[in-house]
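What follows is calculated from the coordinates using simple rules that are stated; it is not laboratory data. What you see is a predicted model; the values in this text were computed from it and never measured. For neighbour counting, all protein chains shown are included, and Cβ atoms are generated from backbone atoms with ideal geometry for every residue, glycine included.
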Ligand code: NAX
């Protein structure tokens, strides 16, 4: 007997991440090859955006994906999040010229209040939300606070792209396949203060810092390459990461949904582990237990360099929370 379809909402569905993401969901890469889906695609109520969305939907139709049972196209969040099992919040306003990070946070915050409320009121009883739109940790916090009836642990934000970037950098340096890099860990904020861990990330089962013994590289080039990779992509492509961001989101949801071996980097509400202020949404190494379950991995050690940077990235998250205090 075939499975009941999952309803998956995607905001910003006509954007560049949406374009790379939707065929991956519809082809089974996110929820498995036997899981039908209904896509609920949400865009802003602007003619150009809705026309572009229509075009994306026509292309999806033209792919004749066997798992894609239906599509809903809307600019009304109450329709878009109706009965959804997964809400993927990708859409947000980009940072404009001369805009500070704080301005961006203030500008985008209200989007996530409205979406959080609609998820609360209309989502399925098992609804889960992932935020990609930046600043994703703080936007996830806003959505979580706007959805009081949905358990907090159902809100996550994405550092999987950062994790994948770290894996690729380490694999290249060590001359191994990226599959030899396991438990790749990013701590903190999805921003330039994020902390890529070189101790708990393993290469061939050993701490990366035992395989790559050049600590100057690990604390220097490796660190800054991962932290600033988004800016490097923009400089090279003239556009921000889209294919790799969509891929990160597929990986993020698939591992939570189906479970996986080892650990993954996921931004989740902090329970105070590792001194990260309780209630902030911070990236941690988590173990995905299957059926959407996860737990923050306990008992890992950091060196002084990583510890200092963890404190700094958590301070940045706390500062972002202060900026949106009126929305929480
Ligand atoms: P695009 O500008 O191509 O697309 C965004 C789309 O969202 C547009 O079509 C826009 O109309 C729509 N949108 C804006 N506000 C909306 C709202 N309130 N409801 C529904 N739709 C809305 O951006 P794209 O490259 O797709 O990036 C989307 C977001 O991902 C950005 O905020 C970006 O900063 C963020 N990213 C996050 C990453 C992460 O690792 N967490 C990495 C990639 C990316 O930078």
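Here are some notes:
- Exposure proxy ranking, count of Cβ atoms within 10 Å, fewest first, for 130, 297: 297, 130
- Treating r as the C-beta distance of residue 46 and residue 328 and R0 as 30 Å, the FRET efficiency rounds to 0.60.
- Take the Cβ atoms of residue 93 and residue 240, set R0 to 22 Å, and the FRET efficiency comes out at 0.95.
- Gained length - residue 172 relative to residue 2, 0.36 nm times residue gap less alpha-carbon distance: 57.0 nm
- Helix-only [θ]222 nm of the chain, DSSP H runs n ≥ 4, -39500 (n - 2.57) each, per residue, nearest 500: -12500 deg cm²/dmol
- Spin-label model, residue 312/residue 231: points 7 Å from Cα along the beta carbon direction are separated by 1.3 nm.
- Normalised contact order of region 85-215, rounded percent, pairs of Cα under 8 Å and 6 or more residues apart: 18
- When restricted to Cα atoms, region 6-157 yields an Rg and a Dmax of 14.9, 47 Å, respectively.
- In this calculation the C-beta distance from residue 210 to residue 34 is compared with R0 = 51 Å, giving a FRET efficiency of 0.80.
- Hydrodynamic radius of region 160-327 per Kirkwood, over alpha carbon pairs, in Å: 16.3
- Antiparallel DSSP beta bridges within the chain, percent to nearest 5: 45
- The chain pair-distance distribution - Cα-Cα, 20 Å bins, rounded %: 33, 59, 8
- Within region 1-113, percent of DSSP bridges classed antiparallel, to nearest 5: 0
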